[in-house]
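Colleague: I am attaching a structure below and will ask some questions about it afterwards.
The values are calculated or read from the model by the stated rules, or taken from the named source; none is laboratory data. Just so we're clear, the structure is a prediction, and the values are computed from it rather than from any experiment. No Cβ is skipped: glycine too gets one built from the backbone with ideal geometry, and neighbour counts run over all protein chains shown.
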Amino acid sequence: MVKGRTLDQAFNISPKEVALELGGLPDNKIHCSVLGDKALRAAINDYYTRNGMTDKVKKADVKVICQCMNVTDHDIEDAVLEGARTYLELQEHTKLGTVCGQCKDEAEVLLEKFKHIHFGV
Ligand code: FES
């Protein structure tokens, strides 16, 4: 998928594109496409770092949703891709919301958002 693309273009390949290129993936294997695009981004950033182009290293925008358990929006997305469909399943995957519970509303919004993005539900 990356052949013929610039590093910037390759960096922006999404898990959805990976899954489409593979002809689709069963729901319980969608997380595999996330691992691939994460590894690609890490490799590109490593290349930039090793070649003195640290100004080009791109950090993903990550937002901590659960301060108590240090769970980010990316962790929630990964949990959805790994099969979490309900708030309880999200808690089982990430442990978010298990201390003060103040993150519940935002976590539920993200849960629905990522279910819609990745599975159309
Ligand atoms: S902020 Fe998530 S449990 Fe406290």
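Colleague: Which of the residues spanning segment 44-90 are at pLDDT below 90 and among the basic types (Lys, Arg)?
Modeller: Hits for segment 44-90 are Lys58, Lys59.
Colleague: A further question on this structure: Looking at Ala43, Ala60, which one is at negative phi and more than 12 Å from the chain's Cα centre (by Cα)?
Modeller: The conditions single out Ala43.
Colleague: Got a number for residues in segment 61-73 being buried (at least 17 other Cβ atoms within 10 Å of the Cβ) and not in a strand (DSSP E or B)?
Modeller: Adding up the residues that qualify gives 2.
Colleague: Moving on. When segment 28-43 is examined, which residues are found to be surrounded by 13 or more Cβ atoms within 10 Å (Cβ to Cβ) and either at pLDDT below 85 or touching an Asp or Glu at 6+ places or on another chain (Cβ under 9 Å) (or both)?
Modeller: The answer is Lys29, Ile30, His31, Cys32, Ser33, Val34, Leu35, Gly36, Asp37, Lys38.
Colleague: Which residues, counting only those in segment 74-110, are surrounded by 16 or more Cβ atoms within 10 Å (Cβ to Cβ), within 10 Å of the ligand (Cβ to nearest atom) and assigned to a loop (DSSP other than H, G, I, E, B)?
Modeller: Residues satisfying the conditions are Leu96, Gly97, Cys103.
Colleague: Please find, within segment 1-27, the residue that is modelled with the lowest pLDDT out of those that are surrounded by fewer than 16 Cβ atoms within 10 Å (Cβ to Cβ) and among the β-branched types (Val, Ile, Thr).
Modeller: Checked segment 1-27; the qualifying residue modelled with the lowest pLDDT is Val2.
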